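The block underneath contains the structure these notes are about, expressed in structure tokens.
No value in this document is a laboratory result; all are computed from the given coordinates. Note that the coordinates shown come from a computational prediction; the quantities given were computed from them, not determined experimentally. Reconstructed Cβ throughout: ideal geometry from the backbone, glycine too, with neighbour counts over all protein chains shown.
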Amino acid sequence: MADHDLLNQVWTNIIGNSIKFSMDGGIINVSIKQDIKYVIVRISDTGIGISSEDQKRIFERFFKADRSHSRKYGGSGMGLAIVKQIISLHQGDIRVESEPGQGTTFFVTLPIITSIE
């Protein structure tokens, strides 16, 4: 069970960031794995990457990891905070792996069946 519109916002935000922070000719990969309990969506890019220090804060409201590109790329710094909230509402989890200059990978884990509370 999931809210289609909310999850669409998750994918739009993460893939949009991958496009925004990748150079022309960059590569974005999306893969999905499923087991009995979970679906794991992996979205990776060959973009500018995120420092380990900034990775700890990227899901905070109004945080912009690459302040030097803030004017160029715009955005409110709310996107990933909203993404995290939507995934939490679905009883899921999100994590990031990244290295500056090497790209970024987001892992979104969602339960196949959520408990009703």
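Amide H of TYR38 versus every other amide H placed in the peptide plane: which residues, excluding those fewer than 5 positions away on the same chain, fall under 5 Å?
ILE112
Go through 24-36, 99-111 and give me the packing order, highest mean Cβ count within 10 Å leading.
Descending mean neighbour count gives 99-111, 24-36.
Using a Förster distance of 30 angstrom, determine the FRET efficiency expected from the C-beta separation of PHE107 and ASP24, and round it to 0.05.
The pair PHE107/ASP24 has a calculated efficiency of 0.70.
Using Cα-only point scatterers and the Debye equation, what is log10 of I(q)/I(0) for the range 4-111 at each q in 0.09, 0.21 Å⁻¹, rounded to two decimals?
At q = 0.09, 0.21 Å⁻¹ the computed log10 ratios are -0.21, -1.20.
With contacts defined as alpha carbon pairs under 8 Å and 6 or more residues apart, what's the relative contact order of the range 4-111 in percent?
Relative contact order, the range 4-111: 32 percent.
Spin-label point model (7 Å from Cα, Cβ direction): what's the GLN85 to ILE15 distance in nm?
The two pseudo-label positions are separated by 2.3 nm.
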